[in-house]
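What follows is calculated from the coordinates using simple rules that are stated; it is not laboratory data. Being a predicted model, the structure only gives us computed values, none of them experimental. Methodologically, a virtual Cβ is constructed for each residue, glycine included, from the backbone with ideal geometry; neighbour enumeration extends over all protein chains shown.
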Amino acid sequence: MSYLKFFSLAAPMALALLVTPAQAQTTPTEQMTGYVAQAGQPAQAARGQEFFTAKHGKEWSCSTCHTSKPTVDGKHATTGKVIAPMAPAFNPQRFTDAAKTEKWFRRNCNDVVGRECTAGEKADFLSWLLTLKS
């Protein structure tokens, strides 16, 4: 095989490896710990539960779509799309990708609170969800 032919085949594969983003695999506890560090205060599960069920000046609360029991499937209030349980003990894929977690916090906090959630709110929320066991 000529050098030029090898390079023309190998270069795109090498480039794909460099450009493909690495998955930000993590655990819910690791993410909560990161939010606690950012917030500079311990997480409180009771505050997380209150945040989840309360309305924050907008039409929806978190529980509008995720139900008051985040251990069961929810349903999006507008689209009707089924939403898997929020609690990690009932949905092992939940909060295992930091980028996805941030994406959904950003979207949902804007819908519910009208702004991005603080690190403390995220820590409290995850702290509460981690107390829910099967």
When both residues are 6+ apart or on different chains and their Cβ atoms are under 7 Å apart, which pairs have a first residue that lies in the stretch 100-113 and is of a type outside the set (S, T, N, Q), and a second that is part of a helix (DSSP H, G or I)?
-> F105/K122; V112/C62
The one condition E116 fails out of (1) touching a Phe, Trp or Tyr at 6+ places or on another chain (Cβ under 9 Å); (2) among the acidic types (D, E); (3) more than 22 Å from E30 (Cα to Cα); (4) free of Cβ contacts under 8 Å to residues at least 40 places away in the same chain is (3)
Under 6 Å between Cβ atoms, at least 6 apart or on separate chains: pull out the pairs that start in the stretch 53-64 with a residue that is over 17 Å from L129 (Cβ atoms) and end on any residue that is assigned to a loop (DSSP other than H, G, I, E, B) and β-branched (V, I, T).
-> H56/V113
Kindly check whether there is at least one residue in the stretch 86-104 that is closer than 23 Å to Q25 by Cβ, of a type in the set (S, T, Y), in a loop (DSSP other than H, G, I, E, B) and under 12 Å from the mean Cα position of the chain (by Cα).
-> yes
Could you grab the pairs with beta carbons closer than 6 Å, sequence gap of 6+ or different chains, first residue in the stretch 37-52 and at positive phi, second one among the charged types (D, E, K, R) and part of a helix (DSSP H, G or I)?
-> none
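For the stretch 31-52: of the residues being aliphatic (A, V, I, L, M) and surrounded by 13 or more Cβ atoms within 10 Å (Cβ to Cβ), which is nearest to S68 (Cα to Cα)?
So in the stretch 31-52, the residues aliphatic (A, V, I, L, M) come out as 32, 36-37, 39, 43, 45-46.
Now drop any that are not surrounded by 13 or more Cβ atoms within 10 Å (Cβ to Cβ), which leaves 32, 36, 39, 43, 45.
Values: M32: 21, V36: 24, A39: 26, A43: 20, A45: 15 Å.
Applying the filter and picking the extreme gives A45.
When only residues in the stretch 60-82 that are outside any loop (DSSP other than H, G, I, E, B) and in contact with a helix residue (DSSP H, G or I) (Cβ under 6 Å, 6 or more places away or on another chain) count, which is farthest from S127 (Cα to Cα)? Walk me through how you get there before you give the answer.
Initially, the stretch 60-82 is screened for residues outside any loop (DSSP other than H, G, I, E, B), giving 62-66, 74-75, 82.
The next check asks that each one be in contact with a helix residue (DSSP H, G or I) (Cβ under 6 Å, 6 or more places away or on another chain); those that pass are 62-63, 74.
Details: C62: 15, S63: 16, G74: 20 Å.
Filtering the stretch 60-82 for residues that are outside any loop (DSSP other than H, G, I, E, B) and in contact with a helix residue (DSSP H, G or I) (Cβ under 6 Å, 6 or more places away or on another chain), the one farthest from S127 (Cα to Cα) comes out as G74.
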